[in-house]
Amino acid sequence: MSGGSYNYLCYMQDLEDLQSHRHDLEEMASRLAGLGYAQDAARETEELLLLLRQWETRAAARVQRLADVWHAVEWLDSSDSGEDGVREALAKYRNDAEGTPAP
């Protein structure tokens, strides 16, 4: 059987695909490093993994801060609550954002 040893990593083009195939990226980085003559490609693959981890950490922090605002707007737009809920959520968000350095 040909191909597929890394779950067709070569076809992964978007962030969601790469995030969900991080193990395959780790295996590819290790394989490239083991070849001895592909250190540059191994290094860049490892850098990509690092970027994915950093992005995930930063995105999770922002999602946590924004969740109440999103919730309030969703409830406003579905007529489950009023604009006061959005204002309250924004006040909490702004207070949290001011006290927390941007990731």
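The values are calculated or read from the model by the stated rules, or taken from the named source; none is laboratory data. None of the values given here were measured: they were computed from a predicted structure. A quick note on method: Cβ atoms are made from the backbone with ideal geometry, for glycine too, and the neighbour counts reach across all protein chains shown. These area figures cover heavy atoms from the full protein model, side chains too; ligands, DNA and RNA do not enter into them. Shrake-Rupley method; radii C 1.70, N 1.55, O 1.52, S 1.80 Å.
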- Message: Given the DSSP H assignment, sum -39500 (n - 2.57) over each helix run of at least 4 residues in the chain and divide by its residue total; what's the result at 222 nm in deg cm²/dmol, nearest 500?
- Response: -25000 deg cm²/dmol
- (i) 1.62; (ii) 1.13; (iii) 1.00, with the label sought being that of the calculated Cα Rg over 2.2 N^0.38 Å: (i)
- Carbon/sulfur accessible area of the chain, % of total, 1.4 Å probe, equals 51
- Tilt of helix 83-99 relative to the longest C-alpha principal axis of the chain, in degrees (0 to 90, nearest 10)? 50
- Longest principal axis of the chain (C-alpha) makes with the long axis of helix 39-77 (C-alpha) an angle, in degrees to the nearest 10, of 20
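With contacts defined as alpha carbon pairs under 8 Å and 6 or more residues apart, what's the relative contact order of the chain in percent? Let's see the in-between values first.
Values: 57 pairs, mean separation 17.0, N = 103.
Over the chain, the number comes to 16 percent.
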- Message: Can you compute the charge dipole magnitude of the stretch 24-103 about its Cα centre, using +1 on each Lys and Arg Cβ and -1 on each Asp and Glu Cβ, nothing else charged? Give it in debye, rounded to the nearest 20.
- Response: 280
- Name the residue farthest towards the positive end of the dipole of the chain from the options ALA33, GLN13, ALA72, assuming +1 on Cβ of Lys and Arg, -1 on Cβ of Asp and Glu, about the Cα centre. ALA33
